[in-house]
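Undergrad: Take a look at this one; I'll ask things after.
The numbers here are math on the coordinates, done by the rules we state, and not lab data. Computed from a prediction, not measured in an experiment: that's the story for all the values here. Glycine gets a Cβ as well: all are built from the backbone with ideal geometry, and neighbour counts include every protein chain shown.
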Amino acid sequence: MTFYGTSSNVSSGRHRTLSVATGASLLLLVSAGAVPGCSGSPTAADQAAPPSSPRNVTPQAPWKPADPEPKTFDWIRLKSGEWLKGEITVLRRGSLEFDSEELDELNLDWEDVVELRSPRVNMVVIDDRTIILGKVAVIDDVVVLREDKEGAEERRLARDRLRSIVPGTPEEINYWSGDLSVGVTFRRGNTDQTEMTTIASIRRRTPLTRLELGYTGNFGTLDDTENTNNHRVSTTLDVFLTRRFFLRPLSFEYFRDRFQNIENRFTPGAGVGYDIFNREKLSWTILGGGGYQYTRFISVSPGDDIERGIAVALFGTSFEQDLTDDVEISFQYDTQVSLSDVEETSHHALAKLSVELTRRLDLDVSFLWDRIGRSVSNSSGDDPEPDDFRLIVGFGVEF
């Protein structure tokens, strides 16, 4: 009995031990279900987190180059997000020329560049023709300038006020630009005909002045006999008094046309003008003034004067617009109105369509009109036609 009594007590003790162990296990399982990351029912945080990515990883910001140090490269960022390292060649008229370290020389539309940073000294021109020398950064629609002088404060302005950027300090060559267009016509067979037209212009522009030199020449032969020979040279100097209004203290034109019986014609003058538009891809200028016109004829009929001098009123306009990145139109018109006899008024007009073939070479289609107000018969009695019209197709270069 004692044995069985002893056995009964031991068995009862074991049941109590198992019950305690089972209860402890259940408590551990319940506690584990309440701890995030442990097995059990998912919590709200577990359900909200993407299963494929850890919740404690911070997304990386877009890459940006380190702030450029002095005497290192310029940086630009395109709309696509690409960064390019190199050197700015020039920004002018909505086009950025950039010498890339890897891609060589690039010609980019300024609208495609969303960020620019240059640690070097640049000559920056803004819309009121002010020149600022210093470091420049363009970020989206803001231009940040820091002038290259001690104590200068940072200057911020809207991107659309930026007109040009030229690396380095001002040099005389940076003020000059120009273009040259040449068209040649050859005809052989029953008629041998050659005609060449040259149209050239050179400009010097500073923040306060604008100097323009122009030349138009036509030369032609028919069956080895000269049938076209005229030349026009013009010079104008503008001094800006405000952002758009300018004084033209000097204008001068020389004209010669053998077949209009004009040996030499000089027209000096002066006036004022106004830039209606002066944007990167659109410009329109009007002007007016007065002058004196002196003409010497090659020969005249008996009783006519071989020289003539008259006072004239001068009016003109010029217009340029970029239709696309590769197509540009321009129009120039000038008239010299005689104050003594309106029939002696002279007209000159040039319209041109330019299509960019390469970075420097254009295909030019030009229409030229010259009218002499009153033609003068030569000694043989020949009366020249007052109007000359020409349609010219040629190639042009810009520099």
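Undergrad: Please compute the length gained on full extension between E102 and L357, using 0.36 nm multiplied by the number of residues separating them and subtracting their Cα-Cα distance.
TA: 89.4 nm
Undergrad: Could you calculate the contour length gain from R244 to V121, that is, 0.36 nm times the residue separation minus the distance between their Cα atoms, to one decimal place in nm?
TA: Contour length minus the Cα-Cα distance gives 41.5 nm.
Undergrad: Next question. Can you pull the one-decimal nm distance between simple spin-label points at E226 and I276, each 7 Å off the Cα toward Cβ?
TA: Once both label points are built, they end up 4.0 nm from each other.
Undergrad: While we're looking at this one, here's another question. Working out 0.36 nm times the residue gap between W284 and D304, then minus their Cα-Cα distance, what length gain in nm do you get to one decimal?
TA: Between W284 and D304, full extension yields 3.0 nm more.
Undergrad: Between the DSSP loop rule and a limit of at most 16 other Cβ atoms within 10 Å, which GluC sites (Glu not before Pro) in the range 148-243 are left?
TA: Here the sparse-neighbourhood loop sites are E150, E153, E171.
Undergrad: Kindly state, to the nearest 0.05, the FRET efficiency for F399 paired with E343, given R0 = 56 Å and r defined as their beta-carbon distance.
TA: The computed FRET efficiency comes out at 0.85.
Undergrad: I've got another one for you. Checking the table K135/K352; K85/K149; K79/K135; K79/K281 against a 30 Å threshold on Cα-Cα, which pairs fail?
TA: Checking Cα-Cα distances, K135/K352 exceed 30 Å.
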